[in-house]
Structure formats: C-alpha cells, structure tokens
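Here is the structure we will look at.
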Amino acid sequence: MSNLFSTQTREKGIEVSYEDENLWLTQKMMAELFQVTPQNITIHLQAIYQEGELHEGATCKGSLQVQKEGQSEISRQLKFYNLDAVISVGYRVNSKRATEFRQWGNTSS
C-alpha cells in the first residue's frame, strides 16, 4: 500500500494498492478520496466507459477479496481501477477534495 496524496490541509491521505507498476483503487476508495458516495463514483465510471473516454478492460481488473463478516469469511470479487480511471473520475466529480486532487495532479506532473 502507498499514500496517493494528502490535501493542502494535511489531511490524512488514503491508502491505495500498487501493483504491476500502477495504482489501483476500488470505487469505495475513490469515494473516500473524493469525499463523495460510491454511487457517485459508479455514475461517473459508467459515463467514462459509455462515452469511450477509457476502455474498461484496460483500466479495471477484478480481485478476489476475503472479508470477515461476523463469524463467517465471505469471498467477494472487487473491481479495482487504475490511475487513468481515477484521474478521469477526478475531473468529473464536483467536490472540494476532487478540486484539491486536480490541483495536486497539475503540480505533481
């Protein structure tokens, strides 16, 4: 895991997965990053793929995750999205945190 970015107010950044020389986030992680609902992230990802801005097969991968729920261990297939998808979502989301992310992205390149 690595830290993606910290806000200008030095808020704690979020932990992300780094694999295959790329950063990977779930929709839940993106929602936390941009401080919006996971449903909001879903809407933006669907639009990004429907409009052909990105191709889902190139920017999304599944990973089997085992989670403990009560006394049971439940296996779920989670979708992880690479940095290209995160950046595309970041330019569509309307939140203060998304604005800070865009500003960070412009100064980090």
Top-ranked residue in segment 57-81 [being under 14 Å from the mean Cα position of the chain (by Cα) and either among the aromatic types (Phe, Trp, Tyr) or part of a helix (DSSP H, G or I) (or both); ranked as farthest from Trp24 (Cα to Cα)] = Thr59
ask   = Which of (1) touching a residue at least 12 places away in the same chain (Cβ under 8 Å); (2) in contact with a Phe, Trp or Tyr (Cβ under 7 Å, 6 or more places away or on another chain) does Glu32 not meet, given it meets every other one?
value = (2)
message = So, Glu100, is that one part of a loop (DSSP other than H, G, I, E, B) and of a type outside the set (Phe, Trp, Tyr) or not?
response = no
Positions within segment 82-95 being touching a residue at least 60 places away in the same chain (Cβ under 8 Å), outside any helix (DSSP H, G or I) and surrounded by 18 or more Cβ atoms within 10 Å (Cβ to Cβ), in sequence order = Asn82
request  = Tell me which residues, restricted to segment 59-81, are of a type in the set (A, V, I, L, M) and free of Cβ contacts under 8 Å to residues at least 40 places away in the same chain.
outcome  = Leu64, Val66, Ile74
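I need the full set of residues from segment 18-53 which are in a loop (DSSP other than H, G, I, E, B) and either crowded, with 19+ Cβ neighbours inside 10 Å or touching a Pro at 6+ places or on another chain (Cβ under 9 Å) (or both), in order please. Steps first, please.
Quick first cut of segment 18-53, residues in a loop (DSSP other than H, G, I, E, B) only: 20-21, 26, 35-37, 51-53.
Matches in segment 18-53: Thr26, Val36.
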query = Only one of (1) surrounded by 14 or more Cβ atoms within 10 Å (Cβ to Cβ); (2) closer than 18 Å to Lys28 by Cα; (3) in contact (Cβ under 8 Å) with a residue 60 or more places away in the chain is not met by Trp104, so which one is it?
reply = (2)
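Read the figures in this text as sums done on the coordinates, not as results from a lab. Remember, it's a predicted structure, so these values are computed and weren't measured experimentally. Backbone-built Cβ (ideal geometry, glycine too); neighbour counts: all protein chains shown.
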